[in-house]
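Since the structure comes first, as structure tokens, the remarks are kept for the end.
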């Protein structure tokens, strides 16, 4: 079973590298059916990797440059899109969400 888990993780990593996201039947499965999924009898868990990215960035920033306002805000649980909205002086949160993948640096106060 451990070997199977390693293979699944390796395939998922490869898919992420090649496509930027994992495409499986589980991804499109209705949310109310997902709790019934099992792997060798063990319930599966769901992780929202995209939502982890700000926390990972915050941790890396703290390691690289020390305490900073972005990391502090993320660790307080603030909404990353509201932080970006304010820093980029955008009118709405949806605008910040739309621009999340652009190479924009903003000052976080």
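The values are calculated or read from the model by the stated rules, or taken from the named source; none is laboratory data. This is a predicted model, so every value here is computed, not measured. FYI the Cβ positions are ideal-geometry reconstructions off the backbone, even for glycines, and counts take in every protein chain you see.
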Contact list, first residue from the stretch 74-85 and within 12 Å of residue 52 (Cα to Cα), second anywhere and in a helix (DSSP H, G or I), beta-carbon distance below 6 Å, six or more apart or interchain, is 74/54; 74/55; 74/58; 80/54
Do we have residue 62 as surrounded by 11 or more Cβ atoms within 10 Å (Cβ to Cβ), assigned to a helix (DSSP H, G or I), at pLDDT 80 or above and at negative phi here? yes
First in the stretch 37-53 and over 29 Å from residue 75 (Cβ atoms), second anywhere and at pLDDT below 85 and outside any helix (DSSP H, G or I), Cβ under 6 Å, 6 or more apart: 37/44; 40/1
Given the conditions (1) more than 15 Å from the chain's Cα centre (by Cα); (2) modelled with pLDDT of 80 or more, which single one is not true for residue 78? (1)
